[in-house]
Amino acid sequence: MTTKGTIQNQESFLNRIASRLGRERRTGGVAVPEWAHQPQHQTLAGYSADDLVTVLKNHCVKIHTELIETDSTGLYDALREQVSRFSGGPVIIPKDPRFEAYGLKSLLTKDWPNDGTPVWEWDAAKGEENIKKAEQANVGITFSEITLAESGTVVLFSSKDIGRSVSLLPTTYIAIVPKSSIVPRMTQASDIIRQNIADGVTVPSCINYITGPSNSADIEMDLVVGVHGPVKAAYILVSDR
């Protein structure tokens with residue numbers, strides 16, 4: 001059963017903030033400021049889709065992420081090959097209709113076709129069992145909603161059918177990147193999300209930005225891979241336009 005959260009003391013909290021700012025609380029008439037200079041929109045401006053692919057490929061080298069290019073026809077074989085390079089399953093995938101739309105329907109069975117690799121499809125009705133399966137999985141596979149060429153980042157929208165554990169808990173991670181999902185940078189991703197909100201599209205409360213395998217250089221600037229997530233990552237770029 002899902003427990004709906006409640007908001008308590010909202011009015012007094014907001015009134016207190018306004019008071020500390022030395023003004024009356026505003027309940028309307030707030031407009032987004034028009035900045036004279038917005039250099040963030042100029043980065044990679046005018047780049048074609050192919051230009052952005054080149055930027056993405058070059059940055060994947062820097063983030064230690066393999067990028068494989070294919071089309072919808074070759075996606076199935078490319079995915080199988082990459083899973084094999086990551087030492088096979090178990091595999092976990094979200095409940096995402098794009099797996100069927102991209103010709104990957106056979107992955108939705110309990111075992112990977114022909115070789116018996118176990119595959120778990122996220123099932124919201126099974127609750128915590130999904131997280132246990134993600135912990136046990138060797139490979140997690142998701143689609144990228146938006147892909148940032150500048151930083152080699154895939155953007156994932158979580159939902160009851162697409163748990164964030166799919167990309168965070170397995171030992172390795174594969175992102176399927178439709179070419180149409182590639183934008184220059186964070187600026188455009190934010191614009192897309194903002195427009196979705198304006199259009200009344202439900203935006204998930206959890207949006208993950210993933211840039212290659214897990215790594216951290218917090219301690220004495222020494223890069224350590226696999227501290228808090230997959231130790232290896234690969235992107236499969238699918239030409240869909």
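So is V231 more than 14 Å from the chain's Cα centre (by Cα), buried (at least 18 other Cβ atoms within 10 Å of the Cβ), at pLDDT 90 or above and under 23 Å from S84 (Cα atoms) or not? Criteria not met by V231. Answer yes or no as to whether A125 is closer than 30 Å to M186 by Cα and either of a type in the set (A, V, I, L, M, F, W, C) or part of a strand (DSSP E or B) (or both). Answer is no for this residue. Could we say that I93 is under 19 Å from the mean Cα position of the chain (by Cα) and open to solvent by 30 Å² or more (accessible area, probe 1.4 Å) here? No, not satisfied.
Considering segment 1-35, the residues that are open to solvent by less than 100 Å² (accessible area, probe 1.4 Å), out of contact with any helix residue (DSSP H, G or I) (no Cβ under 6 Å at 6 or more places or on another chain) and part of a loop (DSSP other than H, G, I, E, B) include one that is modelled with the highest pLDDT, namely G22. Among the residues of segment 116-163, the one identified as touching a Cys at 6+ places or on another chain (Cβ under 6 Å) and surrounded by fewer than 21 Cβ atoms within 10 Å (Cβ to Cβ) is S158. When segment 204-223 is limited to residues that are hydrophobic (A, V, I, L, M, F, W, C) and loosely packed, with under 13 Cβ neighbours inside 10 Å, the one that is modelled with the highest pLDDT turns out to be C206. Summed over segment 67-83, the residues that are small (G, A, S) and open to solvent by 80 Å² or more (accessible area, probe 1.4 Å) give a count of 0. Within the bounds of segment 60-76, is there any residue that is hydroxyl-bearing (S, T, Y), farther than 18 Å from S180 by Cβ and without any contact (Cβ under 8 Å) to a residue 60 or more places away in the chain? Yes, some residue in segment 60-76 is hydroxyl-bearing (S, T, Y), farther than 18 Å from S180 by Cβ and without any contact (Cβ under 8 Å) to a residue 60 or more places away in the chain.
Could you tell me whether segment 195-204 includes any residue that is touching a Phe, Trp or Tyr at 6+ places or on another chain (Cβ under 8 Å) and within 17 Å of I63 (Cβ to Cβ)? No, there is no match, as no residue in segment 195-204 is touching a Phe, Trp or Tyr at 6+ places or on another chain (Cβ under 8 Å) and within 17 Å of I63 (Cβ to Cβ).
Set side by side, the residues H41, H64 differ, and just one is of a type outside the set (S, T, N, Q) and open to solvent by 100 Å² or more (accessible area, probe 1.4 Å), which is H64. The residues of segment 100-148 that are of a type in the set (S, T, Y) and modelled with pLDDT of 95 or more, listed by number, are T142, S144, T147.
The values are calculated or read from the model by the stated rules, or taken from the named source; none is laboratory data. Being a predicted model, the structure only gives us computed values, none of them experimental. Using ideal geometry, Cβ is built from the backbone for each residue, glycine included, and neighbour counts are taken over all protein chains shown. Accessible surface is based on the protein model in full, side chains and every heavy atom, while ligands, DNA and RNA are left aside. Shrake-Rupley method; radii C 1.70, N 1.55, O 1.52, S 1.80 Å.
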